[in-house]
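The values are calculated or read from the model by the stated rules, or taken from the named source; none is laboratory data. All values derive from a computational prediction rather than experimental measurement. Counting neighbours? That spans all protein chains shown, and the Cβs are built from the backbone with ideal geometry, glycine included. Ligands, DNA and RNA are stripped out before the accessible areas are found, and what is left, the full protein with its side chains, is counted by its heavy atoms. Shrake-Rupley method; radii C 1.70, N 1.55, O 1.52, S 1.80 Å.
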Amino acid sequence: MPRYILRRLLVSIPVLFGVTLIAFAFVRLLPGDPAVTILGERATPAAIERLRTSLGLDRPIWQQYAEYMSNLLQGDLGNSTITAAPVTKELFSRFPATLELSICALLIGVTAGLWLGRAAARRPGGGTDGGLTLLSLLGISIPIFVLGPLLQYVFGVVLDWLPTSGRINPRLFVSTPTGFLLWDTASQGEWGAFRDVVAHLVLPSVTLSMMPMAMVARMTRSSVIEVQREDYVRTARAKGVVPPRIARRHVMRNAWLPVVTVIGLQVGALLAGTVITETVFGWNGVGSLVVNAINQRDYFVVQSAILVFAVIFIVVNLLVDISYALLDPRISYR
Amino acid sequence: MRQTTALWLASSCLVAASLVAGSAQAQSEACGTTGGTMIVAMPADMLRTDLTLASDTQAWYIGGNVMQGLMGPKPGTLSELIPVLAAAQPELSDDGLTYSFTLREGVTFHDGTPFDAEAVKYNFDRWLSLPPELQPYAPYTASTIGFGDASIISEVNVTGDHTIDIVLKEPNSSFLNYLALAGFTIASPTALKAGGADNTVTDITQISEAQGGKGALIGTGPFSFKEWVRGDHTTIVKNDDYWDEAGVPCLDQVVFRPVSNPATVMAGLQAGDIDFAFQVGPTDVPIIKANKKIDIVERGDSCNMFELALNHAHAPLDNPDVRRAIAYAVNKQALVDNFYAGYAAPANGYLPPAFQFAKALDLPGYDPEKAKEILAKSGLTPEQLTVDFWYPSDVVRPYMPDPSGIFQSLAADLEAVGFTINPKSDIWAPSYLDSYVRGTYPMYLMGTICQWASADNFLLTNFFGYVDGEPRKQWNYRNDDLQTTMEAALGAPNADEAAKLWGEAQDMLGEDLPIIPLVNAKPPAAARSVVHGFVSSGNLREQMNTVWLSQE
């Protein structure tokens, strides 16, 4: 097992190298450059040239890449072209927001998805199954940019139950040392603020959880139905094992594997989803940072954010593969 | 641990006590209520916390409530300048070169540093000798007072504790307009030194004063800077010791949140999560008007111009008759009615009407018959009257709420009189801006937002002033007489002479019609109806100290 993990980590090095190359090339292939964006309507060709030179954009592209890589290997992600702040600072200040949102969305999505999937599999083809299949179909097909504003309008504006945007009521003035607001408010015993943070989390995380929920529900349903038809389940039922025990020990134990794969894959979709969700709900995390950075051609921010997303994706995939071995003794890695 | 807690408790009690004392002694009488926090939605985050090294709308808007200059625009007006940290209007020497300022006494910066002539000189020295590495971050300094040897200022002389002379190399009729910019607000020298903003640090990432750290935004304004949480919010708090007792803020704090998505802003206003929206689009106006809890905040006189830009390097746009025909062909009023929800006026000159030195020109009005007549007389063939007309596909600008709709309206106007229009579009940033700057587009939509509301800002700085002795590629409009007149107007020793020369320059433009001014937009803000006392202004130099919040 340790050798397997080591091998996987070694394999991910060329992958990450490839990601830096693609990300670097991708942002530079977009027409125009940050110098134009910074100067806006008032630009003159001379001013653009001056700014390009001072930003180092006039040098050969391979030279820029070599410098980027050499800085990267020393842990320096470069500076934002627009704000002139270190990219690490920009990313780390916004990362907790995205992580908090993603984790909540994943928890909601997986819990609800498992529950719905198992409920639907109980009587395949029945009314519950039909209703839940429709629900998961909706979850997959309604885009975030439709669902988000819809929930925002109904629960935020019309019913006025939940806040429409942001992470916390700015009037509360709680200090936020870690940036994880649930932790920051709870650890200071600010329970009123904690409730406010939870209220702010509900709409965006429910919006973001729809896709994973639907995917997990569908996969759980089909996987459970398949396992239910296996001989050992029939045997267990014949020898009089109580249904809850069958579901837990015989069915779910074997149905887990494809579900875990889907959960792992959903992390990727989730990261993509944060980009839109954060824009809709004024959630100032990495997603909204990337949107702004792409619009402004802020090269180093885009590159670094893609790199961070790639690292997360690789790590999650590794964890999923490792979990196979834990869930199914028949699988072992050498 | 216990000791620190005790200390903390003690100091917070002191702070609380001083807050109470402060609000009791000095409070603007105009406040309906005092206290409270207002949440303001801005379209984007600030770039940096140094108003010289950042010139984005957000930094200047927020920073303008914390930092003050010698001169400033009178709240609620576009171009009227009042002394702020100067005690009175400066005296100008007969040769038009020396501005003698008497400074306000008894003013201290938010960090306790006294405000005096030495502090002012320190700031001027910093601007003038900004290291070359930092100069690209200060485009307004470059285009106004300039750096080092290229500066229009020859010397800054302290003549007493609270008197200072600024000597120019040549007379400049817009000099006080420059000084009133947010980029020339006076910061505490102590804070500048502590924050690495004393020109010793050339790497902008290492200047904590500009990055929201030590020394950031220490000025003399009615609010003081509390914190900037990058990407999340900026908080400014009431300055109880503000030098102008009548101007002490009603509010305790103002929090500025960057919210880029206009729909999110609207939802926030309706739900009460946002009290004030810096900017709302014309399509949101009917929703706001239908909602009793939200009001439109009008901004008075326009400080921008939206134009049908023409590049004279492309035939037939070099032909004055063709340009005149275009001017008669376009229906400006239709644009105002259909795309701006009424928050605009047809442009009737080359400057927004409330600008200093603006002259109404009686430009050609909507008259398609006359346009046809001119084109018929010109003898140009339909092939020669075929033009590529460009518009940006993905952007909304304060002066241009719906580029593709406006394009269609104008293209229809032009085709109706005999032009053949090839519709062309591109994404705004950066391709559209890039091609515009390089002069690739023959005919295109473009607009200009004021930095200061005087003739030179539009006509010379943004439009037709030559760059390195050559006409700008955006228009390729060569008019040496105009250039000479504009330079003379800027160098005029007094306002009367300047007004006369700027008038002549505008007459030349009205004669030549190098580009077609379309509308002067008045993009509104919006506020929940609990917000009172807000003094709006088209130049966006708005002060939050008069604002108060009522109970819902």
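Based on Cα contacts under 8 Å between residues 6+ apart, the stretch A:1-124 shows a relative contact order of 11 percent. Buried accessible surface for the A/B pair, both sides summed and rounded to the nearest 100, is 3800 Å² with a 1.4 Å probe. Placing unit charges on the Cβ atoms only, positive for Lys and Arg and negative for Asp and Glu, gives the stretch B:304-521 a dipole magnitude near 300 debye about its Cα centre.
Shown for the stretch A:2-73 is the translational diffusion coefficient from the Stokes-Einstein equation, using the Kirkwood radius over Cα pairs, a temperature of 20 °C and a viscosity of 1.002 mPa s: 146 µm²/s.
Relative contact order of chain B, taken over Cα pairs closer than 8 Å and 6 or more residues apart, is 21 percent. Where the centre of each part is set by its Cα atoms, how far does the stretch A:185-218 sit from the stretch B:234-267, in angstrom? Going from one Cα centre to the other spans 29 Å. Considering only Cα atoms, the convex hull volume of the stretch B:69-193 works out to 112 Å³ per residue. Considering the options B:450, B:228, B:47, tell which one lies farthest towards the positive end of the dipole of chain B, charges being +1 on Lys and Arg and -1 on Asp and Glu at the Cβ, about the Cα centre. Of the candidates, B:228 comes out farthest on the positive side.
Students often forget the sequence filter, so: which aspartates and glutamates lie under 14 Å Cα-Cα from residue B:522 once same-chain residues fewer than 8 apart are removed? Here the aspartates and glutamates satisfying the reach criterion relative to residue B:522 are B:298, B:301, B:337.
With both labels modelled 7 Å from their Cα along Cα-to-Cβ, the residue B:494 to residue A:11 distance reads 8.5 nm.
Sorting B:500, B:377, B:238 on solvent-accessible area from highest to lowest, probe radius 1.4 Å, gives B:377, B:500, B:238. Per residue, chain A reaches -24000 deg cm²/dmol at 222 nm when only DSSP H runs of four or more residues are counted, each adding -39500 (n - 2.57). Just to confirm the number: angle between the C-alpha axis of helix B:403-416 and the first principal axis of chain B, 0 to 90 degrees, nearest 10? Value to nearest ten degrees: 20. Summary value for the stretch B:170-245: 20 percent relative contact order, contacts being C-alpha pairs under 8 angstrom separated by 6+ residues. When the helices of chain B are scored as -39500 (n - 2.57) per DSSP H run of n ≥ 4 and the total is divided over every residue, the value at 222 nm lands at -8000 deg cm²/dmol. So what does log10 I(q)/I(0) come out to for the protein assembly as shown at q = 0.05, 0.06, 0.08 Å⁻¹, using the Debye formula with one equal point on every Cα and no solvent? The computed values of log10 I(q)/I(0) come out as -0.34, -0.48, -0.83.
Model label points for residue B:74 and residue B:383, set 7 angstrom from Cα along the Cα-to-Cβ axis, are 6.0 nm apart. When +1 charges are put on Lys and Arg Cβ atoms and -1 charges on Asp and Glu Cβ atoms, the dipole computed for chain A relative to its Cα centre reaches about 1560 debye. Can you work out the PRE-style zone for residue A:4? Point 7 Å along Cα to Cβ, and I want the residues of the stretch A:306-323 with backbone N under 18 Å. Counting only backbone N, you get A:314-323. The alpha carbons of chain B give a radius of gyration and a Dmax of 25.0, 92 Å, in that order.
Let me check I have the definition right: for the stretch B:402-552, take the eigenvalues of the Cα gyration tensor, multiply each by 5, take square roots. What are those semi-axes in whole Å, largest first? Write down the numbers at each step before the final one.
Working: eigenvalues 213, 143, 43 Å².
Its equivalent ellipsoid spans semi-axes of 33, 27, 15 Å.
Select from A:30, A:62, A:13 the residue farthest towards the positive end of the dipole of the stretch A:2-73; place +1 on Cβ of Lys and Arg, -1 on Cβ of Asp and Glu, and compute about the Cα centre. Farthest towards the positive end: A:13. Model label sites at residue A:111 and residue A:230, defined 7 Å from Cα along the beta-carbon direction, differ in position by 2.8 nm. With the whole protein complex present, residue B:532 retains an accessible surface near 60 Å², based on a 1.4 Å probe. Annotation for the stretch B:531-552 versus the stretch B:381-405: alpha-carbon center distance of 36 Å. Given q = 0.19, 0.27 Å⁻¹, what are the Debye log10 I(q)/I(0) values for the stretch B:478-552, with equal point scatterers placed on the Cα positions and solvent ignored? Values, matching the q order: -0.86, -1.16. Compared with the dominant principal axis of the Cα atoms in chain A, helix A:2-29 is inclined by about 50°. Using only Cα atoms and rounding to the nearest 10 degrees, what angle (0 to 90) does helix B:480-490 make with the longest principal axis of chain B? Result, in degrees: 20. Rolling a 1.4 Å probe across the protein heavy atoms gives chain B an accessible surface of 38 Å² per residue.
Averaging 1/r across all pairs of distinct Cα atoms in the stretch A:28-175 and inverting the result yields a Kirkwood radius of 20.9 Å.
The mean of 1/r over all pairs of different alpha-carbon atoms in the stretch A:105-185, once inverted, gives a Kirkwood hydrodynamic radius of 15.8 Å. The calculated FRET efficiency for the pair residue A:135 and residue A:171, based on their C-beta separation and a Förster distance of 30 Å, comes to about 0.20. The alpha carbon centroids of the stretch A:81-159 and the stretch A:56-75 are separated by 38 Å.
Over all pairs of different C-alpha atoms, the stretch B:398-472 has a mean inverse distance whose reciprocal, the Kirkwood radius, equals 14.5 Å. The GluC sites (Glu not before Pro) of the stretch B:81-159 that DSSP puts in a loop, and whose beta carbon has at most 14 other beta carbons within 10 Å, are B:105, B:133.
For q = 0.10, 0.12, 0.15, 0.17 Å⁻¹, what log10 I(q)/I(0) does the stretch A:224-334 give under the Debye formula with an equal point scatterer on each alpha carbon and no solvent? Debye intensities relative to I(0), on a log10 scale: -0.50, -0.62, -0.77, -0.86. Element breakdown for the protein assembly as shown at a 1.4 angstrom probe: carbon and sulfur atoms account for 58% of the accessible area. Lys-Lys pairs in the stretch B:304-521 that are eight or more residues apart or on separate chains and whose Cα atoms lie under 21 Å of each other come to 5.
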